[in-house]
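K.L.:
What follows is a single structure, and I will ask about it in a moment.
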Amino acid sequence: MKIILSFLVAFVVTFVVGRLLIPLLHRLKSGQSIKEDGPVWHMKKQGTPTMGGLMFIIGLAVALVVIGWPEWKQGQYGHLFVFLFALVYGAIGFVDDYVKVRKKQNTGLTAPQKFLLQLAAAIAFTVVLRYFHFLTPDLYIPFFNVSIFLPWPVYMVFAAFVMVGTVNAVNITDGVDGLSTGVTMPVMLFFTAVATYWSQTALAEFSAALFGGLCAFLIYNFHPAKVFMGDTGSLFLGGAVCGLAFALDIPLVLLLVGIIYIAETFSDIIQVVYFKISHGKRIFRMAPLHHHFEMGGWSEVKLFCVFSGVTVLTCLLAFWGVMNRYPF
């Protein structure tokens, strides 16, 4: 029941905040600057308010306080740790969005600045999870139900790489109306199911609340989008996704539930590398992957449905892969 209430509270709060926030963002002239090297038809989105991710961040925060307070009193802090970790990334994204809005261009913080801030957050989060016994250096292998022991320094490097990579992969996916929202929704349902199945109530409440917040946000973010989540929202979502994976001690599951994030990121990397070594040739029509399909005639709605649908299937497969770790 509390999981359902978490969903409902976050949904209602996010929806109400959206009704107030979008007009405010318009008045503050916090419009998104569209990249000139993207699809030309995206230029009509110029000026659409950004930083809309604040909506579901606020919705999630209220749900965690209202519904998750008893768990805090009982010493269950997993949902708080994941929220604060994601919030740090959201803050990095907010600064990046703010700089973009002030400069009226699509570049905010420099890449080294963002990387160092993200790396510091990942290291701190990993240390906290280990101190509070959420995390072991045993790397769980889904489907095979076995774990591989890694020396703690090696695990720290692995964790930092995965966290920073995941956060930026979610950010890259946020390039079409509703896409990052739609892809992350089934991921949150997956974590809700796993946490519930393993009696990790606090983490289940967190996942369900964020799912509810994203459902409400999608009302405003679905094509044609009335607001973008911005780096504020996408970096927060990336932090939440990898934060939950590590808090539940199943980081390798990100290979399945995050298959779209990974495909988007690697399409970008492959395009850049091949462009350089081939002196100007391209593998994809345009990178990242969603732009490749857009250039091939896919609508933004079709991209949303297909990419989200693929994620639903991989999340179901991932649940089957981890369900036997702690049999009910």
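The values are calculated or read from the model by the stated rules, or taken from the named source; none is laboratory data. Please read all numbers here as calculations on a predicted model, not as lab measurements. Methodologically, a virtual Cβ is constructed for each residue, glycine included, from the backbone with ideal geometry; neighbour enumeration extends over all protein chains shown. For accessibility, only protein heavy atoms count, side chains too; no ligands or nucleic acids. Shrake-Rupley method; radii C 1.70, N 1.55, O 1.52, S 1.80 Å.
K.L.:
Using only Cα atoms, figure out Rg for the chain and give it as a multiple of 2.2 N^0.38 Å.
P.N.:
0.96
K.L.:
Counting pairs of alpha carbon atoms under 8 Å apart in space and at least six apart in sequence, what relative contact order in percent does the chain give?
P.N.:
Details: 541 pairs, mean separation 89.9, N = 328.
Once divided by the residue count of the chain, the mean separation gives 27 percent.
K.L.:
Which distance in nm do the two modelled labels at residue 270 and residue 301 give, with both placed 7 Å along the Cα-to-Cβ direction?
P.N.:
With each label placed 7 Å out from Cα toward Cβ, I get 2.9 nm.
K.L.:
Counting only protein heavy atoms and using a 1.4 Å probe, what share of the accessible area of the chain belongs to carbon plus sulfur, as a whole percent?
P.N.:
Here carbon and sulfur together make up 72 percent of the probe-accessible area.
K.L.:
Run through the stretch 98-201 and list the chymotrypsin sites (Phe, Trp or Tyr not before Pro) located in a DSSP loop whose Cβ has at most 15 other Cβ atoms within 10 Å.
P.N.:
132, 143, 144
K.L.:
On a 1.4 Å probe surface of the protein chains, which of 100, 29 comes out largest in accessible area, and what is the full order? Don't jump to the answer; show the numbers that get you there.
P.N.:
Values: 100 30, 29 140 Å².
Heavy-atom accessible area, descending, gives 29, 100.
K.L.:
Now for a different question. Over all distinct alpha-carbon pairs, what is the Kirkwood Rh of the stretch 278-328 in angstrom?
P.N.:
Averaging 1/r across every pair of different Cα atoms and inverting gives 13.5 Å.
K.L.:
Set Lys and Arg Cβ to +1 and Asp and Glu Cβ to -1, take the dipole of the chain about its Cα centre, and tell me which of 74, 137, 163 lies farthest positive.
P.N.:
163
K.L.:
What FRET efficiency comes out for the pair residue 61/residue 161, r = Cβ-Cβ distance, R0 = 35 Å, nearest 0.05?
P.N.:
E(calc), rounded to 0.05, equals 0.75.
K.L.:
Which of 216, 193, 169 moves the most in a Gaussian network model of the chain with Cα springs under 10 Å?
P.N.:
Of the options given, 193 has the highest mean-square fluctuation.
K.L.:
Compute, for the chain, the length of the dipole vector about the Cα centre, with Cβ point charges of +1 (Lys, Arg) and -1 (Asp, Glu) only. Units Debye, rounded to 20.
P.N.:
About 760 debye.
K.L.:
When the chain is fully extended, how far beyond the present Cα-Cα distance does residue 282 get from residue 120, taking 0.36 nm per residue of separation?
P.N.:
Roughly 54.8 nm would be gained on extension.
K.L.:
Heavy-atom accessible area per residue, the chain, 1.4 Å probe: how many Å²?
P.N.:
Per-residue accessible area for the chain comes out at 45 Å².
K.L.:
Quick one: accessible surface of residue 77, probe radius 1.4 Å, all protein chains present, in square angstrom to the nearest 10.
P.N.:
Counting only protein heavy atoms, residue 77 exposes about 80 Å² to solvent.
K.L.:
Shifting gears a bit: To the nearest 10 Å², what's residue 286's accessible area with a 1.4 Å probe?
P.N.:
The value for residue 286 is about 40 Å².
K.L.:
From the Cα trace of the stretch 133-205, what convex hull volume per residue do you get, rounded to a whole Å³?
P.N.:
Values: hull volume 8.5 nm³, N = 73.
Taking only Cα atoms, the stretch 133-205 has a hull volume of 116 Å³ per residue.
K.L.:
Considering amide H positions built from the backbone, and no H for Pro or chain starts, which residues 5 or more places from residue 138, or on another chain, come under 5 Å of its amide H?
P.N.:
150
K.L.:
Still on this model: Return the distance in nm (one decimal) between the two label points of a simple spin-label model at residue 102 and residue 2, each offset 7 Å from Cα along Cα→Cβ.
P.N.:
4.2 nm
K.L.:
Mind jotting down the distance between the C-alpha centroids of the stretch 230-292 and the stretch 161-212, whole Å?
P.N.:
15 Å
K.L.:
How much length would be gained if the chain were fully extended between residue 46 and residue 323, taking 0.36 nm per residue of separation minus their Cα-Cα distance, in nm to one decimal?
P.N.:
Values: separation 277, 0.36 × 277 = 99.72 nm, distance 4.48 nm.
Result: 95.2 nm gained on full extension.
K.L.:
Between residue 138 and residue 76, what is the label-point separation in nm under the 7 Å Cα-to-beta-carbon projection?
P.N.:
2.2 nm
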